[in-house]
Amino acid sequence: MKIGVLTGGGDCPGLNAVIRAIVRKAVDVKGDTVIGFYDAWDGVLEQRYLELTTPVVRGILPRGGTILGTRRGSPFDSKDGVDRVKKTFTDLKLDALIVIGGNGSLTVASMLHKQHGLPIVGVPKTIDNDVVGTDATFGFQTAVQIATDAIDRLHTTAESHDRVLVVEVMGRDAGWIALQAGIAGGATAILVPEVPFDIDELSQIVRKRHDRGRYASVVVVAEGAKPKPGTLKMPARVLDAFGHEKLGDIAHAIAPEITARTGFETRVVQLGYIQRGGTPTSYDRVLSTRFGLAAVDAVHNKEFGSMVALRCGEIKSVDMSATANQTRTIDLALFADVAATFFG
Ligand code: F6P
């Protein structure tokens, strides 16, 4: 078979491990030809690609980022985009395309399969862990570890200076990183998009902690956290070229409000792209590898329109359309019963 591969959306630790696994199984075991499209859908539209052979993927297992490059954007953004994707399939005699992406890329992949019959298999990636249909995405565990390490470090400096530190982590619609890293790092409070917060209640938590003689606090906030309506003035919304809201200022909105209510010195740390860069953890390398191998099996079994997924420890093939335009939000019981027990 001739199989195309692309990586779409924001990058994520483990992308290269998936690419390597696909190539090792498809080329070495099945005798397939694999080509990798550069820069996500742009490479498909413009027919920019390279042949992925075993020597090409040598040494990439632990490398962060993606050797193929990635972009946001979709063939549906332009009038002739879908026709150009179809032309690429025909011109290059492609039997299948494996799309390694998050919610956006998997939605596009699902539409191309459902509406246009293209033979596509999805692989769920994102540090945000917000893809419906899988128990986990690769990259998430790495991001949580990075955020936890950062919180550990911030505790000691916060304690030395008797400061409140507001740590902003990624997670625009789902607060998985904030929740897991906040629990693991012993956060004073965790703010997530799924549970609107009240700045007065948050300040109370911090104040109570100080009253108990704990003069430092680390508050973990997901970039998409939202205040209860009318309780806090939020920064103006800014959109990027793809209509995505540019996030990354909630911590700055919160910090002065905590100071105003408590009088405690409050500083901000935004972890930003550090969470997405660098080498994947061993867990993510293994998950990525299993996903890559399973994607090749799905292609050979002609399970087009499916996505590989982790379900109760096993790798399964699930309907990709069930993930389209959906967000897998946090486990609210984990937030309320576990995380919140330690607030303050
Ligand atoms: O990869 C997902 C994500 O990390 C979101 O949490 C974040 O809002 C977004 O990417 C930012 O990515 P970019 O600035 O590359 O669009």
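What to note about this one:
- Residues in the stretch 223-249 that are within 16 Å of the ligand (Cβ to nearest atom) and among the hydrophobic types (A, V, I, L, M, F, W, C): 225, 234, 238, 239, 241, 242, 247.
- Residue within the stretch 272-279 that is within 21 Å of residue 130 (Cα to Cα), touching an Asp or Glu at 6+ places or on another chain (Cβ under 7 Å) and open to solvent by 20 Å² or more (accessible area, probe 1.4 Å) present: yes
- For first residues located in the stretch 238-259 and charged (D, E, K, R), partners that are part of a loop (DSSP other than H, G, I, E, B) and open to solvent by less than 50 Å² (accessible area, probe 1.4 Å) and lie 6+ apart or on another chain with Cβ distances below 7 Å form the pairs 246/240; 257/232.
- Close Cβ contacts (under 9 Å, 6 or more residues apart or on different chains) running from residues in the stretch 167-178 that are touching a residue at least 12 places away in the same chain (Cβ under 8 Å) to residues that are of a type in the set (D, E, K, R) and more than 9 Å from the ligand (Cβ to nearest atom) comprise 168/249; 173/194; 174/194; 174/328; 175/194; 176/328; 176/331; 178/168.
- Residue ID - most open to solvent (accessible area, probe 1.4 Å), chosen from residues in the stretch 123-169 that are in the same structural domain as residue 294 (by TED's automatic domain parsing) and away from the ligand (no atom under 16 Å from the Cβ): 135
- Search result, residues across the stretch 298-337 that are open to solvent by 60 Å² or more (accessible area, probe 1.4 Å) and assigned to a strand (DSSP E or B): 311, 314, 316, 319
- Any hit, the stretch 238-257, residues being within 30 Å of residue 310 (Cα to Cα), surrounded by 15 or more Cβ atoms within 10 Å (Cβ to Cβ), modelled with pLDDT of 95 or more and of a type in the set (Val, Ile, Thr): no
- Complete set of residues in the stretch 83-129 that are closer than 15 Å to residue 10 by Cα and part of a loop (DSSP other than H, G, I, E, B): 102, 126, 127, 128, 129
- Taking the criterion of being within 16 Å of the ligand (Cβ to nearest atom) and farther than 14 Å from residue 43 by Cβ, the residues of the stretch 55-77 that qualify are 64, 65, 77.
- Among the conditions (1) small (Gly, Ala, Ser); (2) in a strand (DSSP E or B); (3) farther than 18 Å from residue 3 by Cα, residue 133 misses just one, which is (2).
- Members of the stretch 260-284 that are free of Cβ contacts under 8 Å to residues at least 60 places away in the same chain and over 30 Å from residue 60 (Cα atoms): 260, 263
- On the stretch given as the stretch 55-82, residues that are more than 24 Å from the chain's Cα centre (by Cα) and either farther than 13 Å from residue 17 by Cα or in a loop (DSSP other than H, G, I, E, B) (or both) total 7.
- Restricting the stretch 2-28 to residues that are open to solvent by 50 Å² or more (accessible area, probe 1.4 Å) and touching a Leu at 6+ places or on another chain (Cβ under 9 Å), the residue that is farthest from the ligand (Cβ to nearest atom): 2
Conditions tested, residue by residue: (1) assigned to a strand (DSSP E or B); (2) open to solvent by less than 20 Å² (accessible area, probe 1.4 Å); (3) at pLDDT below 95; (4) of a type outside the set (Lys, Arg).
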{"site": "261", "(1), (2), (3), (4)": "no, no, no, no"}
{"site": "286", "(1), (2), (3), (4)": "no, no, no, yes"}
{"site": "295", "(1), (2), (3), (4)": "no, yes, no, yes"}
{"site": "341", "(1), (2), (3), (4)": "no, no, no, yes"}
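- Single residue of the stretch 30-49 satisfying the filter (out of contact with any strand residue (DSSP E or B) (no Cβ under 6 Å at 6 or more places or on another chain) and free of Cβ contacts under 8 Å to residues at least 60 places away in the same chain) that is surrounded by the most Cβ atoms within 10 Å (Cβ to Cβ): 45
The values are calculated or read from the model by the stated rules, or taken from the named source; none is laboratory data. The structure presented is a predicted model; accordingly, all values stated were derived computationally and were not measured. In this analysis, Cβ positions are derived from the backbone assuming ideal geometry, glycine residues included, and neighbour counts consider all displayed protein chains. With ligands, DNA and RNA removed, areas are computed over all heavy atoms of the protein, side chains included. Shrake-Rupley method; radii C 1.70, N 1.55, O 1.52, S 1.80 Å.
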